[in-house]
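Just so it is clear, none of the values below were taken in a lab; they were calculated from the coordinates. If you're wondering where the values come from, they're calculated on a predicted model, not measured in any experiment. Note that we place each Cβ from the backbone using ideal geometry, even for glycine, and neighbour counts take in every protein chain shown.
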Amino acid sequence: MKRVLETNIGLVYLFLYVPILAVVVFSFNSGEQISVWQGFTLSWYAKLFENAALWRAVRNSLIVAGISTCIATVIGTTAALAIERHRFRFRTALVRSLYLPIIIPDIVLAIALLTFYVQASIPLGLITVIIAHGVFNIAYVTIVVRARLQGYDHTLEEAARDLGANEWQTFWRITLPLIAPGIIGGALLAFTLSIDDFVITFFTAGVGYTTLSVHIYSLLKFGITPEINAISTMLLANSIVFILLFLWFQGNTAASGKQNAR
Amino acid sequence: MRRNYHLLILLFPVVFWLFCFFLLPLVSVFIYSFIERGTYGGVRWDFTLENYQRLFDGLYLGILWRSVSTALVCTAVCLLLGYPFAYYLARYRPKHRSILLLLVVVPFWTNFLIRTYAWILILRTEGLLNSLLGTVFPDWGPLELLNTPLAVQIGLVYGYLPFMILPLYAALEQLDMSLLEAAQDLGASPRRAFWHVTIPLSLPGILAGSMLVFIPTVGAFLTPDLLGGGKVSYIGNVIERQFKTARDWPFGSALSFMLMGIVLVGTVLYFRALQGSEESETS
């Protein structure tokens, strides 16, 4: 039985990592074929730096992810504070409707926004993408910040108030630093989701406003070259940096949570 | 009074955003699903039920069935691969457990397009799998794997397996081992203890994982598009075509609404089943 379980573990890890490793290995392949090994080269990476269309797409992606993450972080944090700190009439309704953007298929959200923009005569551009990303990012940030607020020690705030701090001072000096790891974690998640999003961007971006994901998609659809392996590897490296950052902040969350408990 | 004022400031942004950019768009797509298609790809503002009638056309029912059955198969395969995996991981030495778990999460953070593209690299006619098979069995011709329903199924399992493993792991890790020992002390065989203790207690994880896999796969657009090569239609692709090429927005809206209906029914069933499993646990 143990053997069966161990084999399964091995197979699942192989299944998860062989495809990713294949992309990384073939990004250093000198041939014109994307999957036939011919020799080592870095030329595909060199080509990336000359590719103006790619960098325009990267810039658009960074603009969209940067702005929508800022918006979602502020709105998601205020929403989490309202939900965790207050009791109000439509609280349950708000909590449930914040899950909806995550639950409904992204193609439905994309189409809903597209028809809405057209009916409201809002021209498609980068702003329409930022608004769309805001919708799902707010939902994710709220979840992450709420989780942080739930495992959190209220006596510190009470102590600050007892010592004469007013509400603003208490918020800026006590509450915000304590929930900061949750906020940063939520922001990192939002940024990653925004950079990675394809479906919603594909439907809500105007012509000429290509983001990195949409650029990769058109490469995949209309002509795969080995350059795509190099782009993918760069993005993979980027994701790994982000996941390590996220975990580092989450680890700090756990550590400071333990301190609070003491 | 002051507290109410605070609450208002905290709530206004999120309520505003959800109302304007989530609720209104849903209303908008709902309205679109009841109007007529115009002659040149636009729309005519006349009420019609025709878009919904077309859904019951044999062609679209077939596509719908393919999407739902593919999503169900994907969920089942993820469960079969993920359950023993999570079971083993939950019992692993705590020190290394978090690293093993991290390795499951890394693919979740990497770009979905790239993970899908990786399978093109492997499955295409001159791809890695065929060159591997070619060296082992030189007599075989290359297998045509890309642009088949099998490729789509593999891509979906690959994309959503972490969503199954994580909730399963969370449920199995919390499992009280003394209950299993008690079952065995009372004479249950390990197999019996597994089916009558472990499985029922991890049911919330099974349900959560199944839902997290089923929902995105039933409406998947990217995986069928890239790995199915547009040769096999799934509901996500049909919706995309109505908006991007066929320019029949009202019908695409009706399809979207049906897809949302399926997902919401699935969610309601999930919460029912979850309540059921909690009740049977307490009784």
Quiz prompt | Furthest towards positive pole of dipole, B:Gly141, A:Tyr17, B:Phe271, structure part the protein assembly as shown, Cβ charges | solution = B:Phe271
Quiz item: Expressed as a whole number of Å, what is the distance separating the alpha-carbon centroids of the stretch B:1-38 and the stretch B:96-144?
Solution: 42
Practice problem: State which stretch of chain B is the longest one without any exposed chymotrypsin sites (Phe, Trp or Tyr not before Pro), exposure meaning a DSSP loop state and at most 16 other Cβ atoms within 10 Å. | Solution: B:141-283
Self-check item: Electrostatic dipole magnitude of the stretch B:176-283 [Cβ: Lys, Arg +1; Asp, Glu -1; Cα centre; debye, to 20]
Solution: 640
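Using the Cα centre as the reference, give the magnitude of the dipole from point charges on the C-beta atoms of the protein assembly as shown (Lys, Arg: +1; Asp, Glu: -1; all else neutral), rounded to the nearest 20 debye.
It comes to approximately 680 debye.
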Quiz item: Which of B:Leu180, A:Ala93, B:Tyr234 sits farthest toward the positive end of the charge dipole of the protein assembly as shown, with +1 on the Cβ of Lys and Arg and -1 on the Cβ of Asp and Glu?
Solution: A:Ala93
Quiz prompt | Qualifying lysines (Cα of each under 22 Å from Cα of A:Lys2; at least 8 residues distant if same chain) | solution = B:Lys95
Quiz item: Over the Cα atoms of the protein assembly as shown, Rg to Rh with Kirkwood Rh, two decimal places?
Solution: 0.98
Quiz item: Between the stretch B:240-280 and the stretch A:53-129, what's the alpha-carbon centroid distance in Å?
Solution: 20
Quiz item: For the modelled label position 7 Å from the Cα of A:Gln33 along Cα-to-Cβ, which residues of the stretch A:215-234 have backbone nitrogen atoms closer than 19 Å?
Solution: A:223-230
Quiz item: What is the dipole size for the stretch A:85-169, taken about its Cα centre, with +1 at each Lys and Arg Cβ and -1 at each Asp and Glu Cβ, in debye to the nearest 20?
Solution: 320
Quiz item: What angle do you read, to the nearest 10 degrees and between 0 and 90, between the alpha-carbon axis of helix A:2-26 and the longest principal axis of chain A?
Solution: 60
Quiz item: Counting other Cβ atoms within 10 Å, which trypsin sites (Lys or Arg not before Pro) in the stretch A:32-109 have at most 13 and lie in a DSSP loop?
Solution: A:Arg87, A:Arg89
